[in-house]
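Asks: There's a structure below that I have some questions on.
The values are calculated or read from the model by the stated rules, or taken from the named source; none is laboratory data. As the structure is a computational prediction, the values presented were derived from the model and not from experiment. All Cβ positions, even for glycine, are placed from backbone atoms using ideal geometry, and neighbour counts span all protein chains on display. We work out accessible area using only protein heavy atoms, side chains counted, and drop any ligands, DNA or RNA first. Shrake-Rupley method; radii C 1.70, N 1.55, O 1.52, S 1.80 Å.
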Amino acid sequence: MATHTFSLPKTAARLERMPPYGFELINRRIAQLSAAGADIIRLDMGSPDMPPPQPVIEMLQRSAENPNYHNYGSYRGLPAFRKAVADYYARRFGVQVDPDTEVLPLIGSKEGIVNLALAFLDRGDAAIVPDLNYPAYTMGALMAGGDVILMHLDPERNYAPDLQALRQHPDLRRAKLLWVNYPNNPTGATCDLDLYAELIAFCREHDLLLCSDNPYAEVVYDGYRAPSALQVEGALTCTVEFMSLSKLYNMAGWRLGACLARREVIEALLTIKSNVDSGHFRPIYEAGALALNATPQSWIDQRNAIYQARRDAILAACPSIGLSAFKTSGSLYVWARVADGDDTAYVQAALEQAQVSLTAGSMYGPAGKGYVRISVGVEDSRLQEAIARLQRWYANWN
Ligand SMILES: Cc1ncc(COP(=O)(O)O)c(C=O)c1O
């Protein structure tokens, strides 16, 4: 019998449209450097370094002890968690949603962001994505076979979208989704309710679904209170909002979030999700519901005071490390312009020579060229050490 040499089937063409995830590349290089003995301080990831509220951890432990909680759950998640999300929106934003038909739990909001694109975009359709964005908006559109229309954000107007320019875009009629995110990753820019009202009017006029990605709503400084897009009168007609417990309660590793939208959108998303995942582990929903129902505002305020002090330390250090920063009142990031404009060279040299990892602005879109993003999600003494290293390194760089 003739011998056959196995050839691995060729991967799908969609992979060719998808560049490797930026953090995957950073992680690989950091792993190499660490294996060679380097002590890298990571100011790149937007991952909270502090733990969730203690009662939430205890609830997870108690709930996991229940022998009946280890089977498959409902595709729509635990009703008590959906209700906790709806109650939080009512309390915090004065927004009323039906927990059974207008809330869908997610395995982290990233999952829902990508699956929403699969639910709405066909080949030839497009998603409007801010030029400076969390990469999942783009990746979801590309996975769905759709295209991306980049939307300019105006730094002179606190990184608000330039809707005038968008109106003139030749492909606007192909668009179905319009993504926004305030408090913003990567710039830290915040917005007020008027901006959401303007966006909703635009989306109504052009038959677009406004996708408001709002994971940093409670990561705010200087007394700022972030709104929800759903606060605009009648918003639910054309708006989807994603919320997440990752940054809200320092639960990034738990992978828990939710989508709030009108029934038809929830059903479309559920059709994709129920064929991909089978919901979350019940103890995670129970602990998540407790976090939403019982965490006092003082816990959030104390956590934010720590982030704010770190933000201030980074802002104060920026001039001494060749950066000029944009002052932020929200998110986990400081966004800063590099003195000579080459963000990639700056970030590479900081990693290789100062052993401090930052992210290059270009990772977030063409408008990020010349900027770096610095995360406040690192413990105080490590942050001080990172600043000192960057100052020593920058004094001798070039
Ligand atoms: C703007 C934005 N949206 C969504 C996410 C995803 O969050 P989650 O942990 O809920 O998947 C992140 C995570 O960093 C983010 O920065």
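Asks: Using the per-residue mean of other Cβ atoms lying within 10 Å as a proxy for protection, in what order, highest first, do the peptides 61-74, 334-347 fall?
Replies: 334-347, 61-74
Asks: Let me ask something else. If you rank SER381, SER274 by how much accessible surface each has, with a 1.4 Å probe, what is the order from largest down?
Replies: Most to least solvent-accessible, the answer reads SER381, SER274.
Asks: For n ≥ 4 DSSP H runs only, could you compute -39500 (n - 2.57) per run for the chain, divide by its residues and tell me the 222 nm figure to the nearest 500?
Replies: Mean residue ellipticity, 222 nm, calculated: -11500 deg cm²/dmol.
Asks: Under 8 Å for C-alpha pairs, at least 6 residues apart: give me the relative contact order for the chain, rounded to a whole percent.
Replies: Relative contact order for the chain comes out at 23 percent.
Asks: Whose amide H sits under 5 Å from the amide H of GLY330, counting only residues 5 or more places off or on another chain, with H placed in the peptide plane?
Replies: Amide H neighbours of GLY330: TYR221.
Asks: Under 5 Å between amide H atoms, partner at least 5 residues away or on a different chain: which partners does LEU209 have, H built in plane at 1.01 Å?
Replies: LEU177, LEU178
Asks: Turning to a different aspect of this structure: Which of rounded, prolate, oblate describes region 55-294, given a ≥ b ≥ c as roots of the alpha-carbon gyration tensor eigenvalues and a/c under 1.5 marking rounded, otherwise prolate only if a/b is larger than b/c?
Replies: Verdict is prolate for region 55-294.
Asks: Carbon and sulfur atoms: what percent of the 1.4 Å accessible area of region 27-180 do they account for?
Replies: Roughly 51 percent of what the probe reaches on region 27-180 is carbon or sulfur.
Asks: Using alpha-carbon positions, what is the distance between the centroids of region 180-248 and region 49-113, in Å?
Replies: Comparing the Cα centres of region 180-248 and region 49-113, I get a distance of 21 Å.
Asks: Quick check for you: with a 1.4 Å probe and neighbouring chains kept, what is the accessible area per residue of the chain, in Å²?
Replies: Numbers: 17400 Å² over 398 residues.
Averaged over the residues of the chain, the accessible area is 44 Å².
Asks: If you put +1 on each Lys and Arg Cβ and -1 on each Asp and Glu Cβ, how big is the dipole of the chain around its Cα centre, in Debye rounded to 20?
Replies: 580 debye
Asks: In straight Cα distance, which aspartates and glutamates are under 13 Å from LYS110, not counting same-chain residues fewer than 8 positions off?
Replies: ASP213, GLU241
Asks: Along the charge dipole of region 55-294, pointing to its positive end and built from +1/-1 on Cβ of Lys, Arg, Asp and Glu, which listed residue (VAL85, VAL56, ASN68) has its Cα farthest out?
Replies: ASN68
Asks: If we sort 137-147, 189-199 on the protection proxy, mean other Cβ atoms within 10 Å, highest first, what's the order?
Replies: 137-147, 189-199
Asks: Please report Rg (one decimal) and Dmax (integer) in Å for the Cα set of region 1-114.
Replies: Over region 1-114's Cα set, Rg and Dmax evaluate to 22.3, 74 Å.
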